[in-house]
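Take a look at the structure set out below.
The values are calculated or read from the model by the stated rules, or taken from the named source; none is laboratory data. Source: prediction; values computed, not measured. In this analysis, Cβ positions are derived from the backbone assuming ideal geometry, glycine residues included, and neighbour counts consider all displayed protein chains.
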Amino acid sequence: MAIANIVCPGGTVVGIDRDPNAIEIAKKSLSRFGDCITCLHGNFAELDRLLGRQYAEGFDGILMDLGFSSMQIDDANRGFSFLRESALDMRMDRSSGASAEILVNEFSEEELGRIFREYGEERWWKRIARAITEKRKQHKIMTTTELAAIVEKVVPYGKSRRAIHPATRIFQALRIAVNNELSNLEIALPVAFERLKKGGRLIVISYHSLEDRIAKKFFVKNAKAAYVLQIFHFVYAAGSRCLKS
Ligand SMILES: C[S@@+](CC[C@H](N)C(=O)[O-])C[C@H]1O[C@@H](n2cnc3c(N)ncnc32)[C@H](O)[C@@H]1O
């Protein structure tokens, strides 16, 4: 909305989200800007396919606001939050890909452990993966609260007031794996960079250190100038931007 207020009328704004619900809402709330805005359903990693031969002149700026939205986490049917009882889904786009339920119930103990270690940077990855595979011998793990309870049982809960819930990193790790967030970002960055005009700016807002690292590495390698801004708030958020030479 803020970008549209500056660019429209006269310019062009293209908005992309892989969540069809987000696209529907955006189309409604931005309808007053008319043809100036186009909302497309798809993955940033598919930018070339989504844009095709249109906008061949390139963009002055591309902003990737990564992660998931409050609308997604607040929706009790999506499975992003362990605070709400829901089916284990976690897909940003529910029309494709395997849900968290498939990963939790079908992936091997080793593969689950790797996901928790690499994407959740979880210290207790081994015992959590073991507890999940033990539990699912009895019955399928179907809900967010059930998964959170399994994790809670085997992880020592920090005594500090700032300690996060033991399931936080596990839910983050599963969400990253379900949505292929890191590989999508690795594919999307060079494609987006190619779509910039000379002097155009690529900006990435990231919400965890893994995607932040990928963006910074790419910028350092490719950009004429790269800037990093970090904001520590309720959740970690970091913005990086770079200028195309
Ligand atoms: C932090 S929210 C951004 C919300 C939006 N900027 C706004 O102000 O309403 C992140 C959004 O990015 C979408 N998203 C995350 N990764 C994506 C990707 N690889 N391709 C397309 N959309 C993605 C999510 O579905 C979610 O709606």
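Just a yes or no: is a residue in region 114-130 in the same structural domain as residue 223 (by TED's automatic domain parsing), of a type in the set (Phe, Trp, Tyr), within 27 Å of residue 62 (Cβ to Cβ) and surrounded by 14 or more Cβ atoms within 10 Å (Cβ to Cβ)?
There is no residue in region 114-130 that is in the same structural domain as residue 223 (by TED's automatic domain parsing), of a type in the set (Phe, Trp, Tyr), within 27 Å of residue 62 (Cβ to Cβ) and surrounded by 14 or more Cβ atoms within 10 Å (Cβ to Cβ).
Would you please name the residue that is nearest to residue 173 (Cα to Cα), looking only at residues in region 200-214 that are among the small types (Gly, Ala, Ser) and within 13 Å of the chain's Cα centre (by Cα)?
Only one residue tops the list, namely 209.
Only one of these is more than 15 Å from the ligand (Cβ to nearest atom) and either under 22 Å from residue 112 (Cβ atoms) or modelled with pLDDT of 95 or more (or both): 228, 151. Name it.
On inspection, the qualifying residue turns out to be 151.
Please state which one of 40, 63, 30, 47 is touching a Lys or Arg at 6+ places or on another chain (Cβ under 8 Å) and over 30 Å from residue 165 (Cα atoms).
The unique qualifying residue is 47.
Quick one: would you say residue 132 is modelled with pLDDT of 95 or more and under 21 Å from residue 208 (Cβ atoms)?
no
Restricting the search to region 69-119, which residues are closer than 11 Å to residue 174 by Cα, within 16 Å of the ligand (Cβ to nearest atom) and charged (D, E, K, R)?
89, 91
Report whether or not residue 19 is in contact with a strand residue (DSSP E or B) (Cβ under 9 Å, 6 or more places away or on another chain), within 15 Å of the ligand (Cβ to nearest atom), under 30 Å from residue 149 (Cβ atoms) and not assigned by TED's automatic domain parsing to the domain that holds residue 133.
yes
Residues checked against (1) within 9 Å of the ligand (Cβ to nearest atom); (2) assigned by TED's automatic domain parsing to the domain that holds residue 192; (3) in contact with an Asp or Glu (Cβ under 7 Å, 6 or more places away or on another chain); (4) under 15 Å from residue 12 (Cβ atoms):
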site	(1), (2), (3), (4)
30	no, yes, no, yes
37	no, yes, no, yes
45	yes, yes, no, no
49	no, yes, no, no
52	no, yes, no, yes
64	yes, yes, no, no
